[in-house]
Amino acid sequence: MRAGMLARAQWSVGRHAAAAAVLLHCVVASCTGYPTSLNSIPTAETVGAGSLLLEVTNYGYPRMLTTESVSGVLLQLGVGDRLEFGIDRYETEETSEAYFNVKARLVDETDKLPGLAIGVMDLRCGCFATPYAVVSKRLGSVRVHVGSIHGSYSGGIMAGVDADVGSLWFGIDYLPGTQNHTRLGISRAVGSDTSVLVTFGIPNSKNSGKAEVGITVSTTLPMRK
């Protein structure tokens, strides 16, 4: 699975406790894997019946795997062929938060029609829910994804494209919002059900963000035989 992007500034909790709280509040919409997704934006695909998507991720400014980076463990469960339910837990050096999400695929993609899905992220007490709708369609050798998202830290049109080139997967997507990013991702399979994704994010606004690098290891586990 490919996997998204809100501001994740590298603050010291001791000096910037308020900023760290904001970071944890909006990180759910910025880590790969929240629902099935590209680098940042949801797609019209779902995990699939009886499958569990497990992702371990880390993002940093400008470096990953430091005390100032954000780590996450993301779980996405397929409930039937068209519905998925997820829980994401994110941590900084001294704080952690968990969020829920749900997505339903309403229309399957065909030769003529795009797939369509709707969903809600940021489901947690004290948070504003983030609803979205997205369509996905293969056009030649690439897949195109366009949708609308509206939440506390992202509102407007989101878009992305992805393609397989040899043994690699490439994807680029845009999540609206001045605190968010346009993100390029490169993924490679390391097993039949496991892949490693490396991303680089360019902030949408030069005045309110920094470039971001991240890595995500994803694996799909069957929940039944």
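If D173 passes every condition in (1) outside any strand (DSSP E or B); (2) in contact with a strand residue (DSSP E or B) (Cβ under 6 Å, 6 or more places away or on another chain) but one, which one does it miss?
Unmet condition: (1).
Just a yes or no: is a residue in segment 201-221 within 25 Å of L54 (Cα to Cα), in contact with a His (Cβ under 7 Å, 6 or more places away or on another chain), of a type in the set (D, E, K, R) and assigned to a strand (DSSP E or B)?
Yes; the residues of segment 201-221 include at least one that is within 25 Å of L54 (Cα to Cα), in contact with a His (Cβ under 7 Å, 6 or more places away or on another chain), of a type in the set (D, E, K, R) and assigned to a strand (DSSP E or B).
I'd like the full set of residues that are more than 16 Å from G80 (Cα to Cα) and part of a strand (DSSP E or B), limited to segment 102-115.
Residue satisfying the conditions is G115 alone.
I need a count of the residues in segment 119-145 that are in contact with a Lys or Arg (Cβ under 7 Å, 6 or more places away or on another chain) and either hydrophobic (A, V, I, L, M, F, W, C) or assigned to a loop (DSSP other than H, G, I, E, B) (or both).
Adding up the residues that qualify gives 1.
Residue check, A129 against (1) modelled with pLDDT of 95 or more; (2) under 22 Å from Y174 (Cα atoms), all met but one. Which one?
Checking A129 against (1) modelled with pLDDT of 95 or more; (2) under 22 Å from Y174 (Cα atoms), the one that fails is (1).
Taking segment 31-56, which residues are modelled with pLDDT of 90 or more and assigned to a strand (DSSP E or B)?
P42, S51, L52, L53, L54, E55, V56
Take the conditions assigned to a strand (DSSP E or B), among the small types (G, A, S) and surrounded by 15 or more Cβ atoms within 10 Å (Cβ to Cβ) and apply them to G156. Does it pass?
No.
Read through the list (1) within 16 Å of S154 (Cα to Cα); (2) modelled with pLDDT of 95 or more; (3) surrounded by fewer than 19 Cβ atoms within 10 Å (Cβ to Cβ); (4) of a type outside the set (S, T, N, Q), then give the number of the only condition that G119 fails.
(3)
The values are calculated or read from the model by the stated rules, or taken from the named source; none is laboratory data. The structure presented is a predicted model; accordingly, all values stated were derived computationally and were not measured. Here Cβ is always computed from backbone atoms with ideal geometry, including for glycine, and neighbour counts include all displayed protein chains.
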